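S.K.: Supplied in structure tokens, the structure appears directly below.
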Amino acid sequence: MSEIIQYKIQQLVDNGQTVQVSLVEDIQLEPISQKQLMFDAINKKIDPELKEQILPLIEAIMQSQPTIAVKSYDKTAITITMPKRRYERMGSPRVGEKLEINFKKIS
């Protein structure tokens, strides 16, 4: 089974003979707030009758809390060092451009 993932070039280091390319997984996600995570946890733990009674209190407490964006996904990062010639044959991609990498276990 193989998985093709897009990576965005984050940094390039060219020392003349080799090029080091630092990549980060290119995923666009909306940040999840800490308030939303707390609401979700409360909704899972409390029965509907009790939730109806205490929900106004919980909402009032949450309104006074600052909204903090929580990182919702750990991105994979890869650093590849290759001969400059191979990098040039790839079209010399620049920082911000995307590359596609195919991961596959070889038996």
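The values are calculated or read from the model by the stated rules, or taken from the named source; none is laboratory data. Just so it is clear, the structure is predicted and the values come from calculations on it, not from any experiment. Backbone-built Cβ (ideal geometry, glycine too); neighbour counts: all protein chains shown.
S.K.: How many residues does the range 4-26 hold that are under 22 Å from Asn102 (Cβ atoms) and either surrounded by 14 or more Cβ atoms within 10 Å (Cβ to Cβ) or without any contact (Cβ under 8 Å) to a residue 40 or more places away in the chain (or both)?
M.R.: 14
S.K.: Suppose we keep only residues that are at pLDDT 85 or above and of a type in the set (D, E, K, R) within the range 50-86. Which one would you say is farthest from the chain's Cα centre (by Cα)?
M.R.: Ranking the candidates gives Arg85 first.
S.K.: Looking at the range 57-69, I want the residues that are closer than 13 Å to Met38 by Cβ and have a partner that is among the aromatic types (Phe, Trp, Tyr) with Cβ atoms under 9 Å, at least 6 apart or on another chain. Which pairs are those?
M.R.: That search, which allows pairs on different chains as well, returns Ile58/Phe39; Glu59/Phe39; Met62/Phe39.
S.K.: Out of the residues in the range 87-107 meeting the condition of being assigned to a loop (DSSP other than H, G, I, E, B) and of a type in the set (S, T, N, Q), tell me which one is modelled with the lowest pLDDT. Full working, then the answer.
M.R.: Let us first name the residues in the range 87-107 that are assigned to a loop (DSSP other than H, G, I, E, B), namely 90-97, 105-107.
Of the ones still in play, those that are also of a type in the set (S, T, N, Q) are 92, 107.
Working: Ser92: 95, Ser107: 82.
The residue in question is Ser107.
S.K.: Here is a further query. Filter the range 24-49 for residues that are of a type in the set (Val, Ile, Thr) and within 30 Å of the chain's Cα centre (by Cα); which is farthest from Thr79 (Cα to Cα)? Steps first, answer last, please.
M.R.: Of all residues in the range 24-49, those of a type in the set (Val, Ile, Thr) come to 24, 27, 32, 42, 46.
From what's left, within 30 Å of the chain's Cα centre (by Cα): 24, 27, 32, 42.
On the way: Val24: 9, Ile27: 17, Ile32: 28, Ile42: 41 Å.
Here the residue is Ile42.
S.K.: Turning to a different aspect of this structure: Would you check if there is a residue in the range 45-56 being β-branched (Val, Ile, Thr), outside the structural domain of Gln17 (by TED's automatic domain parsing) and without any contact (Cβ under 8 Å) to a residue 12 or more places away in the chain? Talk me through it step by step, then tell me what you get.
M.R.: Within the range 45-56, the first condition is being β-branched (Val, Ile, Thr), and the residues that meet it are 46, 54.
Going one step further and asking which of them are outside the structural domain of Gln17 (by TED's automatic domain parsing), we end up with 46, 54.
Add one more test, that the residue is without any contact (Cβ under 8 Å) to a residue 12 or more places away in the chain, and what stays is 46, 54.
Looking for residues that are β-branched (Val, Ile, Thr), outside the structural domain of Gln17 (by TED's automatic domain parsing) and without any contact (Cβ under 8 Å) to a residue 12 or more places away in the chain, one finds at least one in the range 45-56, hence yes.
S.K.: Additional query: Among the residues of the range 15-35 satisfying the criterion of being modelled with pLDDT of 90 or more and β-branched (Val, Ile, Thr), which is farthest from Met82 (Cα to Cα)?
M.R.: Applying the filter and picking the extreme gives Val24.
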